[in-house]
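Structure, as structure tokens:
Read-outs: derived from the displayed coordinates by stated rules, not from any lab. As the structure is a prediction and not an experimental result, all values here were calculated from the model. Every residue, glycine as well, gets a Cβ built from its backbone with ideal geometry; the counts of neighbours run over all protein chains shown.
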Amino acid sequence: MTTEWAEKAELDAPGSTDVDVAAVGPLEGVIAAQVKRHRLQAEMSAAELANRTGLSKAMISKIESASTSSSLTTLQRLAQGLNIPVTALFQGADTEREATLTRAGEGSVTVRSGTRHGHEYRSLGSLKRRERAIEPSLVTLTSASDVFPQFQHPGTEFIHMLEGRMIYGHGSYEYELGPGDSLVFEGEGPHGPLRLVEVPIRFLAVTAP
């Protein structure tokens, strides 16, 4: 079988377009898998891709076998030859990212200044590898007679009411919040519940740097 016919046979082979990117690992391997996958999907031989890109067929073979590192110019030529964006050649690289799942009713209970019985601040997750990440909490307030402290912190905060009604203060302003209401504000200003109108109260609080 000639090389040209071998290339064509590869295009028709069952499962030939299934490239296991996750199993490759290194960046060169990811690029190799993506070049070959897009070439086969376009029903293009290595020789045809070489003609389109101005690269040699031997170079195409090296790229697809992850035996060479491609320059930015080479990657641009490959993308143009395959009629895809350059970023498509990196699809599957650096896919391991941190995520935190918090099931209903779970999450660590945190204690903030002024917190007493009946005030629950439940953390809904965090990202350990990011120093500047959002901090979501589920806040539950059950005692309407308590006096609440005012908080101040850098960044911004978002609260969304889930249950109950309360008067929430921020600076010199007061806001009456009920189920479905939201409030976004700068954390540097003194803020916090002023009066609980209907208890129990539950709201989502998200702080961001």
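What net charge is computed for the residues neighbouring residue 179, neighbours being all others with C-beta under 10 Å from the C-beta of residue 179, Lys and Arg scored +1, Asp and Glu -1?
Numbers: positive: 165, 202; negative: 163, 181, 198.
Net local charge, residue 179 excluded: -1.
So what J values fall out for segment 154-166 if you push phi through Karplus, 6.51 cos²θ - 1.76 cosθ + 1.60 with θ = phi - 60°, rounded to Hz, Gly and Pro as x?
For segment 154-166, the Karplus-derived couplings read x, x, 10, 9, 10, 10, 9, 6, 10, 7, x, 9, 8 Hz, x marking Gly and Pro.
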